[in-house]
Amino acid sequence: EKSKWPKETIELWQRLSKKEANDINSVQKSIVHHVTTTLARSVYNMDNFAAYQAVALSTRDRLISQWNETQGQLSRADPKRVYYLSLEFLLGRSMDNALLNLGLKDTYGKGIEQLGFNMEEVIESEVDAALGNGGLGRLAACYMDSLATLDYPAWGYGLRYNYGIFQQRIVDGYQTEYPDYWLNFDNPWELPRLDISIQIGFGGHVQIIEDEYGVTRHNWIPATNVQAIAYDVPIPGYDTENCNNIRLWRSKPTKTFDLTSFNEGNYEKSVEDATNAEKITSVLYPNDNTMAGKELRLKQQYFWTAASLDDIVRRFKKSMREWSDFSDQVAIQLNDTHPALAIVELQRLLVDEEMLSWDDAWDIVTKTFAFTNHTVLPEAMEKWSVPMFEYLLPRHLQIIFDINLFFLQKVEMKFPNDRGLLNRMSIIEEAQPQQIRMAHLAVVGSHKVNGVAALHSNLIKTTIFKDFVHYYGEDKFINKTNGITPRRWLHQANPQLSDFITETLGNTKWLKDLSLLKGLVAKINDDAFRKKWMAIKRANKVRLAELIKERCNVEVSPDALFDVQVKRIHEYKRQFMNILVVIHRYRTIKSMTAAQKASVQPRVVIFGGKAAPGYYIAKLVIKLINSVAAVVNQDPAVGDLLKVVFIPDYNVSVAEVIVPASDISQHISTAGTEASGTSNMKFVLNGGLIIGTLDGANIEILEEIGEDNIFIFGCMANEVEDLRHAQRYRGVPMDSALQGVISAIEKGVFGDPKIYQPLISTLTVGKDFYLISADFASYIAANQAVDQAYKDQSEWSKKSIRCTANMGKFSSDRSVKEYADEIWNIKPYPVIDEGHL
Ligand code: Z15
């Protein structure tokens, strides 16, 4: 718009906006500049945190110029973009990742060293951005890294919570939660866009009007409005100029907030309403794989989807294209059902505000959206009560009922006289009160529905979406196996192994084409190579042992087998079964003679993970683990043969220390319950073996690495129903080893047994929903096989190398490329370095 300026003015701007240089001298200058100006400090007044802030600010300057160039070139070219809508982005720390992706880590490392600081210590000063619960949120973060690296035009949309996932402390063995006020010291990784503000309405009523053509129009008059303010988080790709964006919305009272109340002299009400507006983006709901049904959560979902769609539609309208071109410019991916309201909001915008016909609008909507399902657990399925929904979003409720009516009419035409079918497929569940089934809404409003691993994608076709497959046909329901970014999960988290792989393969190409890791297989019989490989693992174990000493005050030997289970605490993930087998191991050792003990493989069993604050049984599992640890770790009869630790406050940055240090990790969900799992991929990529069930992505990992390199046990998904039935109606007795373990707990070996009664009750014959008893014997056997295998270090090292070498498939680059080609229909748009700020 400023092109009316004279040429000289434009040229002056261009001359002044040359990019900063990236040699060590310029980098140091920029750091010191930020120390003295932005931070107003000096060499006499510096600590690690100040050094972190200065390096972060300097890195951010470089990120912003890439971001500007990328977004400028993309708005001019205006290619089709994908928008990834996720209520969670579990990014963790940004600085190390940004420096590595920009290729500036070494320069900054040397630069800061000469200035008197150690880069690794400086990195430790950064707090995690923990705007997610677990797998789903971290997956979104990995996908953003891959989208940027592969030069896809992509934006994420989410919420800027003031409080991320709670911090966990262990007090007297119990989990206690503390607020994660992560914005305490300014966040250098976000760019506030105070000029981008969108009004979002809630409540009120719907006006019905007849327009000049005699057509009935609906006009929603909200009762209250809040403002959405944009905060942009730059996401640099690895080894590319491309820098994508995650736009996070923050809620604020509108400028004219309740002027009426103020004018009426109702000051207190005005302030209260303003506070309520701010509340919307205050806190991330701490549930993973469970639905709480809170009104504020529904407000979050609408606030976020409405702001994001307004933004997307505004960008589209600037291009002066026809509405029929919308889905050629815009693809929107729904990360679970959390953003399913976006379907309704786009339909409302097109019909009520842009005056399109219902059918034209619906055609655009369904071509635009695609939906990823992440679970089949019934307690995780989102449902909203109709009365609550109507109170907050009256017009959206009408639209949902209309979508449902037209949908069911079509179903009825295809399958006449099947009331049961209509009932099962309806978006509205006929309960008291009625419920909106968000998964059904998401399926009906999308052109593609995907699961996150092969088994899971097949499972949803035969269970929760069976009727929909019957109606729509097979093609709508596809698989996109999850992936992880090798940049963060190997290059950044395991720098020694990364360097060794680069040295071995001769270059860093593998970081953008993970299948090249196959080249490591040629080295498997090279003794020196294997020795170095295992030395790196040991160094990583030493680093983890230090963290364990610091956080748990337990000394563990890096020569023991490190056995890890870190993930959200949930009954279906069966941490309970793990600790029960640890107790079995403890009892076995206690019963041994000294001679027998001499052949026991020493093991350190490492747990970590958060339980949802309201999940009573999961919290009891944490208590039991800590009680077992307290008894085992101080028992002189056991010594170093067995140690048990619970690492508090497991998060992304802790995972970056744990993952490279694992010998064996546990992925032991009841078959059919873990949709994919992604930490399994992280461990195997880092040369850790896994023990697991035939569930989620474990199955595909097995296919890639071969059955000799993975420890599989337990029942299969298609056996689960029969096993539950047999337990319930034929009274199959409890596993005898399990009985022994339970009686030890009940005798008080691990403290007051009354505490654990509710937990033990879940194992009652006929109630053992997650089949701990059924899988117990084979789980013990699998653990013994691990001990045996680990004793042959030479063979183990070969397995470890084969693991890493065969993980190419699980790069999130592969996943994202499949989404781009088969769902979004978008192409890479390589950005050119024009040298501008
Ligand atoms: C979540 O982290 C996952 C599924 C959910 O439905 C919710 Cl609400 C949160 C996880 C799955 O449990 C896990 O198996 C999967 O790997 C991950 O999503 C990413 O797809």
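The values are calculated or read from the model by the stated rules, or taken from the named source; none is laboratory data. This one's a predicted model, so the numbers in the text were calculated from it and none came from an experiment. We place every Cβ from the backbone using ideal geometry, glycine too, and count neighbours over all the protein chains shown.
Hey, among Ala675, Ala737, which residue is of a type outside the set (Phe, Trp, Tyr), surrounded by 16 or more Cβ atoms within 10 Å (Cβ to Cβ) and not in a helix (DSSP H, G or I)?
Of Ala675, Ala737, the one residue that is of a type outside the set (Phe, Trp, Tyr), surrounded by 16 or more Cβ atoms within 10 Å (Cβ to Cβ) and not in a helix (DSSP H, G or I) is Ala675.
Here is a check on your reading of the model: is Asp151 among the acidic types (Asp, Glu) and buried (at least 20 other Cβ atoms within 10 Å of the Cβ)?
Judged against the criteria, Asp151 is not a match.
Please tell me if Ser17 is over 30 Å from Ala340 (Cα atoms), surrounded by fewer than 14 Cβ atoms within 10 Å (Cβ to Cβ) and touching a strand residue (DSSP E or B) at 6+ places or on another chain (Cβ under 6 Å).
Judged against the criteria, Ser17 is a match.
Quick check on segment 100-136: of everything there that is within 30 Å of the chain's Cα centre (by Cα) and surrounded by fewer than 17 Cβ atoms within 10 Å (Cβ to Cβ), which residue is nearest to the ligand (Cβ to nearest atom)?
Looking at the filtered set, the residue picked out is Glu124.
Tally time: how many residues in segment 177-213 are more than 27 Å from Phe166 (Cβ to Cβ) and out of contact with any helix residue (DSSP H, G or I) (no Cβ under 9 Å at 6 or more places or on another chain)?
Of the residues in segment 177-213, 11 are more than 27 Å from Phe166 (Cβ to Cβ) and out of contact with any helix residue (DSSP H, G or I) (no Cβ under 9 Å at 6 or more places or on another chain).
Only residues that are within 16 Å of the ligand (Cβ to nearest atom) and buried (at least 22 other Cβ atoms within 10 Å of the Cβ): list them for segment 572-598, please.
Matches in segment 572-598: Lys573, Arg574, Gln575.
When you check Val644 against the structure, is it closer than 27 Å to Lys754 by Cα, at pLDDT 95 or above and outside any helix (DSSP H, G or I), yes or no?
Here the answer is yes, as Val644 does meet what is asked.
With respect to Lys597, is the statement that it is under 13 Å from Val556 (Cβ atoms), in contact with a helix residue (DSSP H, G or I) (Cβ under 8 Å, 6 or more places away or on another chain) and not polar (S, T, N, Q) true?
When the stated conditions are applied, Lys597 does not pass them.
Condition first: of a type in the set (S, T, N, Q), surrounded by 14 or more Cβ atoms within 10 Å (Cβ to Cβ) and farther than 22 Å from Thr368 by Cα. Now tell me which residues in segment 427-450 satisfy that.
Gln434, Gln435
Out of Leu356, Leu408, I need the residue that is closer than 26 Å to Thr463 by Cα, surrounded by fewer than 22 Cβ atoms within 10 Å (Cβ to Cβ) and away from the ligand (no atom under 16 Å from the Cβ). Which one?
Being closer than 26 Å to Thr463 by Cα, surrounded by fewer than 22 Cβ atoms within 10 Å (Cβ to Cβ) and away from the ligand (no atom under 16 Å from the Cβ) holds for just one of Leu356, Leu408, which is Leu408.
Quick check on this structure: which one of Trp13, Trp67 is at pLDDT below 95 and not assigned by TED's automatic domain parsing to the domain that holds Ala331?
Answer to the check: Trp13.
Is one or more of the residues making up segment 33-43 farther than 25 Å from Leu837 by Cα, not assigned by TED's automatic domain parsing to the domain that holds Asp328 and not hydrophobic (A, V, I, L, M, F, W, C)?
So far as segment 33-43 goes, yes, one or more of its residues are farther than 25 Å from Leu837 by Cα, not assigned by TED's automatic domain parsing to the domain that holds Asp328 and not hydrophobic (A, V, I, L, M, F, W, C).
I'd like the full set of residues that are away from the ligand (no atom under 16 Å from the Cβ) and closer than 25 Å to Ala439 by Cβ, limited to segment 282-309.
Correct list: Val283, Glu295, Leu296, Lys299, Tyr302, Phe303, Thr305, Ala306, Ala307, Ser308, Leu309.
Determine if segment 312-326 includes at least one residue that is in contact (Cβ under 8 Å) with a residue 24 or more places away in the chain and in contact with a strand residue (DSSP E or B) (Cβ under 8 Å, 6 or more places away or on another chain).
Looking through segment 312-326, at least one residue is in contact (Cβ under 8 Å) with a residue 24 or more places away in the chain and in contact with a strand residue (DSSP E or B) (Cβ under 8 Å, 6 or more places away or on another chain).
Only one residue in Val330, Val344, Val351 is of a type in the set (Val, Ile, Thr), farther than 21 Å from Phe401 by Cα and either at pLDDT 95 or above or surrounded by fewer than 19 Cβ atoms within 10 Å (Cβ to Cβ) (or both), so which one is that?
Val330
Taking the stated definitions as given, is Asp768 modelled with pLDDT of 95 or more and in contact with a Cys (Cβ under 7 Å, 6 or more places away or on another chain)?
Considered against the rule, which asks whether it is modelled with pLDDT of 95 or more and in contact with a Cys (Cβ under 7 Å, 6 or more places away or on another chain), Asp768 comes out as no.
Scan segment 71-94 and tell me whether some residue there is crowded, with 23+ Cβ neighbours inside 10 Å and in a helix (DSSP H, G or I).
Within segment 71-94 (the criterion being crowded, with 23+ Cβ neighbours inside 10 Å and in a helix (DSSP H, G or I)), the answer is no, since none of the residues qualifies.
Residue under question is Glu322, and the condition is that it be acidic (Asp, Glu), surrounded by fewer than 19 Cβ atoms within 10 Å (Cβ to Cβ) and in the same structural domain as His218 (by TED's automatic domain parsing); does it hold?
Here the answer is yes, as Glu322 does meet what is asked.
Across segment 439-487, what is the total count of residues that are closer than 22 Å to Gly672 by Cβ and within 21 Å of the chain's Cα centre (by Cα)?
18
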